[in-house]
Amino acid sequence: MIGLVRTILRALGVDTGSLFNRVAAASIDAAVKAQGLAALRADLRRVVPDISQQYTYTIDDENYHRIGERKMRSLHAFQIKCVLDALPGLGPGATIVDIGDSSGAHGMYVKAVAPEGAVNRYISVNLDPVAVDKVNKGGGEAILCRAEELNHQSVHADLFVSFETIEHLLDPVRFLHDLATKGAADQILFSVPYRRSSRFGGYHLRLPDSNLPQRVTPEELHVMELSPEDWTIACRLAGFRAMSVQIYRQYPKWHPLWFMAPIWRRLDFEGYVCIRAKKDLEFADRYSGW
């Protein structure tokens, strides 16, 4: 259906790329307003005006200004809201460890918008020395190591957070289990793309051989794209029990722009899901395959 509509629009002389960007931007803005994230998104823009260096790869300038910044910033607002929702259960002066952080932006966000005294330290952890250097030079605090080895760094965290990272891992269950058994925190909060039905990611593997890139980095490839239910089950196997599941959609429900739901689903993601889980080894300890 999407392909047919695109063909008809092109036959009529409509610039489908420009049209999609305008409608997608309107969809995101309406979604942010409907989900109560507009004020927080505005606050985050003031805290970190430029997020074009969010990733280690280069963001296309034209696409970034047309839709990318709005899309990314809206997702950040959802992620930070989930962190703020978790803070009351951590106690004052919490230490948060951000697994896979490559820019330091989320640390700046949290320090600026969290209640006074709620967060004492926000530490980024990454295996990429370039990312660690970027965070430290930007005024943040970053450590070059594996998150599950933080105990060797004499760091105890009240909360692990990880944003759009776990779906890139070859073995997310093993990673979560290592955090549950060796890590320095009893709780984890992570966000991943929202899928109604689970699937193997592998976007590049779905391309014709002639279109395969010469090199694909872990930052570019999704391995597992699970449904919220399956992520909670994976957590249970690994040694965490889900405490809350929140979904952010890139389209507004009960709104004329609701028609964007299948388009986002086809071309990108309907939205993102954030799961907060607490260490619970009851089932993991019964599994003999670790």
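Of all residues in the range 112-139, those that are touching a residue at least 12 places away in the same chain (Cβ under 8 Å), open to solvent by 60 Å² or more (accessible area, probe 1.4 Å) and not in a helix (DSSP H, G or I) total 5. The residue of the range 4-31 that is modelled with the lowest pLDDT, among those that are open to solvent by 90 Å² or more (accessible area, probe 1.4 Å) and not in a helix (DSSP H, G or I), is Leu12. Just so you know, in the range 210-222 the residues that are within 25 Å of Gly271 (Cβ to Cβ) and either in contact with a His (Cβ under 8 Å, 6 or more places away or on another chain) or among the aliphatic types (A, V, I, L, M) (or both) include one that is least open to solvent (accessible area, probe 1.4 Å), and it is His222.
Here is a yes/no grid of residues against (1) crowded, with 19+ Cβ neighbours inside 10 Å; (2) of a type outside the set (Ser, Thr, Tyr); (3) touching a Phe, Trp or Tyr at 6+ places or on another chain (Cβ under 8 Å):
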| site | (1), (2), (3) |
| --- | --- |
| Ser244 | no, no, no |
| Lys253 | no, yes, no |
| Val273 | yes, yes, yes |
| Glu282 | no, yes, no |
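Across the range 32-63, the qualifying residues are those that are more than 24 Å from Ile263 (Cβ to Cβ) and aliphatic (A, V, I, L, M), and the one among them that is modelled with the lowest pLDDT is Ile51. Close contacts from the range 223-236, counting a first residue that is under 12 Å from Phe190 (Cβ atoms) and a second that is modelled with pLDDT of 95 or more and assigned to a helix (DSSP H, G or I), with Cβ to Cβ under 6 Å and a gap of 6+ residues or different chains, come to Ala234/Val173. Of everything in the range 161-209 that is among the polar types (S, T, N, Q) and not in a strand (DSSP E or B), the residue that is surrounded by the fewest Cβ atoms within 10 Å (Cβ to Cβ) is Ser197.
The values are calculated or read from the model by the stated rules, or taken from the named source; none is laboratory data. None of these values were measured; they are calculated from a predicted model. Positions of Cβ are generated from backbone atoms using ideal geometry, with glycine treated the same way; all protein chains shown enter the neighbour counts. Accessible surface is based on the protein model in full, side chains and every heavy atom, while ligands, DNA and RNA are left aside. Shrake-Rupley method; radii C 1.70, N 1.55, O 1.52, S 1.80 Å.
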